[in-house]
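Below is the structure I would like to discuss, written out as structure tokens.
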Amino acid sequence: MTIVTRFAPSPTGRLHVGNIRTALHNWLYARKEGGRFLLRLDDTDTERSTEAFAEAIRADLVWLGLDMDGEERQSARFDHYEAAFARLRSAGRVYPCYETPQELELKRKVLLGRGKPPVYDRAALGLTEAQIAAFEAEGRQPHWRFKLDHGSPIAWDDLVRGPQHFDPALLSDPVIRREDGSWLYMLPSAVDDAEMGTTHVVRGEDHVTNTGLQLQMFEAMGASPPAFAHEALLVGSEGKLSKRLGSLGVESFREEGIEPMAVLSLLARIGTSDSVEPFVDTAPLVAGFDFAHFGRAPARFDLEELKGLNTKIVHQLDFGAVRDRLPEGVDAGGWEAIRPNLATLAEAADWWHVVEGPVDAVAFDEETAAFLDRAEAVAADLDWSGDVWHALTDALKAETGRKGRALFLPLRQALTGRDHGPEMAALLPLIGRERALARLGRHS
Ligand code: GLU
């Protein structure tokens, strides 16, 4: 059996860290099992779905390295939903309802007021032909519900949550189609999963009840249902589903200089019993992927943890993996020298700029200029193969009595043209003797 998973976002916005995690788990499982990973665009809402968002979702998946084996879109499949709807309707599993939202809300309130679960009372099933004709004459269009089979208990063995049970009598018959004929998510998704051979539905635990309802739809359609894995939700480090998390996606990761592998390393493993490690390729994540390792508690996402992981990943990246993204002129040796000092790859440009120069000239007062002349002379006599920055500053401190900022700042300014920047101890050997002497003596 070929494993088929699918990632099913609605192209009504950009992907955020929560659905990136879902996409990743679907991808990891498919890759581990040698299966297929599909992108399914849930775009039945034709007003809110846009091609621009669909394109952005694809681009984000490409950036993350989650390659797809195919793409489907629901807006191209309305005829399949019509066909399933017609079959279910003639089997008596779909029925028209005429209640207005206000009437439904009132029913809910009455039930809740009596301490009862707000389950739809199926009043529409008792309408007479004449009542229906009267509604239609009034211009009311029906919405449509799927009729749950109360005699068939709902149960499945969830790959993350273990055995699940629902009593269908305690659930409302779900609305599957609106008055205007548009589809709600539930039926199209079940039709697609049945027709596309989805073997595993991996999604957030906010869909657990939907699964109960959809299992009855599979049954009613005579289709065998996929396996289900509902993962615990993602929360921010402060423990809440923060607004910030919903706006955090590939765009902000790129802005922060986060490598795709940092995102994957973190999202693959938070909320599981496996430790989060900085991996530079996906092989260990694929090999170690196991639903049995997923916990039931919410997974905590911490941006600082992501940044820390990113730093460790940058430190492991080979020249070959980054050469196209490095500034002109950085060779393998240069990369290895600056790599341990970087938190993000983008910082390489900063480093390279001050190493290569030319650096901006800074205006010094006379006394500082004299100090820098001494620095040039001292530096000329140093052993440049060792820790030249500490040798230089120690010697100048002893000779001039300068310390702290008065010692370090003019040296940094002369050597780099800036007040701040990378660690001087690491930078000075890269600048090298010749350039350093010229900058200290302000000859260049
Ligand atoms: N479009 C649905 C969502 O984003 C898909 C859920 C599913 O995976 O079935 O919630």
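The values are calculated or read from the model by the stated rules, or taken from the named source; none is laboratory data. Because the structure is predicted, anything quoted here is derived from the model rather than measured. No Cβ is skipped: glycine too gets one built from the backbone with ideal geometry, and neighbour counts run over all protein chains shown.
Would you check which residues across the range 263-319 are free of Cβ contacts under 8 Å to residues at least 40 places away in the same chain, more than 27 Å from residue 164 (Cβ to Cβ) and hydroxyl-bearing (Ser, Thr, Tyr) and list them?
Within the range 263-319, 275, 311 meet the criteria.
Is there any pair linking a residue in the range 199-212 that is assigned to a strand (DSSP E or B) to one that is among the hydroxyl-bearing types (Ser, Thr, Tyr) and away from the ligand (no atom under 11 Å from the Cβ), with Cβ under 7 Å and at least six apart or on different chains, and which?
Sorted first by the residue in the range 199-212, then by its partner, the pairs are 200/29; 202/29.
Continuing with this model, one more query. Which numbered condition trips up residue 250, out of (1) surrounded by fewer than 21 Cβ atoms within 10 Å (Cβ to Cβ); (2) away from the ligand (no atom under 14 Å from the Cβ)?
Condition (1) is where residue 250 drops out.
Among the candidates 229, 223, which residue alone is within 12 Å of the ligand (Cβ to nearest atom), under 29 Å from residue 154 (Cα atoms) and touching a residue at least 12 places away in the same chain (Cβ under 8 Å)?
Result of the check over 229, 223: 229.
So which residues in the range 165-186 are under 16 Å from residue 207 (Cβ atoms), part of a strand (DSSP E or B) and within 16 Å of the ligand (Cβ to nearest atom)?
The one that is under 16 Å from residue 207 (Cβ atoms), part of a strand (DSSP E or B) and within 16 Å of the ligand (Cβ to nearest atom): 176.
Given the options 59, 76, 8, name the one that is within 16 Å of the chain's Cα centre (by Cα), modelled with pLDDT of 95 or more and within 16 Å of the ligand (Cβ to nearest atom).
Step by step, each of 59, 76, 8 is checked, and only 8 is within 16 Å of the chain's Cα centre (by Cα), modelled with pLDDT of 95 or more and within 16 Å of the ligand (Cβ to nearest atom).
Could you tell me how many of the residues in the range 376-433 are assigned to a helix (DSSP H, G or I), over 28 Å from residue 335 (Cα atoms) and not charged (D, E, K, R)?
9
If you don't mind, there's one more thing I want to ask. State which residue is farthest from residue 19 (Cα to Cα) when the search covers only the range 187-216 and only residues that are of a type in the set (S, T, N, Q) and more than 12 Å from the ligand (Cβ to nearest atom).
Restricting to residues being of a type in the set (S, T, N, Q) and more than 12 Å from the ligand (Cβ to nearest atom), the top hit is 216.
Can you pull out the residues in the range 16-56 that are of a type in the set (Ser, Thr, Tyr) and either within 11 Å of the ligand (Cβ to nearest atom) or over 21 Å from residue 251 (Cα atoms) (or both)?
22, 29, 44, 46, 49
Taking the residues in the range 328-362 that are β-branched (Val, Ile, Thr) and in a helix (DSSP H, G or I) as candidates, determine which candidate is farthest from residue 256 (Cα to Cα).
Step one: of the range 328-362, the residues β-branched (Val, Ile, Thr) are 330, 338, 344, 354-355, 359, 362.
Filter once more, so that each one left must be in a helix (DSSP H, G or I): 338, 354-355.
Values: 338: 19, 354: 21, 355: 23 Å.
Among those that are β-branched (Val, Ile, Thr) and in a helix (DSSP H, G or I), it is 355.
Here is a follow-up. Looking for whichever is assigned to a helix (DSSP H, G or I) and either free of Cβ contacts under 8 Å to residues at least 24 places away in the same chain or among the hydrophobic types (A, V, I, L, M, F, W, C) (or both) here; the options are 215, 148. Which one fits? Can you show your working first?
Values: 148 fails: assigned to a helix (DSSP H, G or I).
Residue meeting the stated conditions: 215.
Looking at (1) in a loop (DSSP other than H, G, I, E, B); (2) of a type outside the set (S, T, N, Q); (3) surrounded by 13 or more Cβ atoms within 10 Å (Cβ to Cβ); (4) modelled with pLDDT under 95, which one does residue 121 not meet, given that it meets all the others?
(4)
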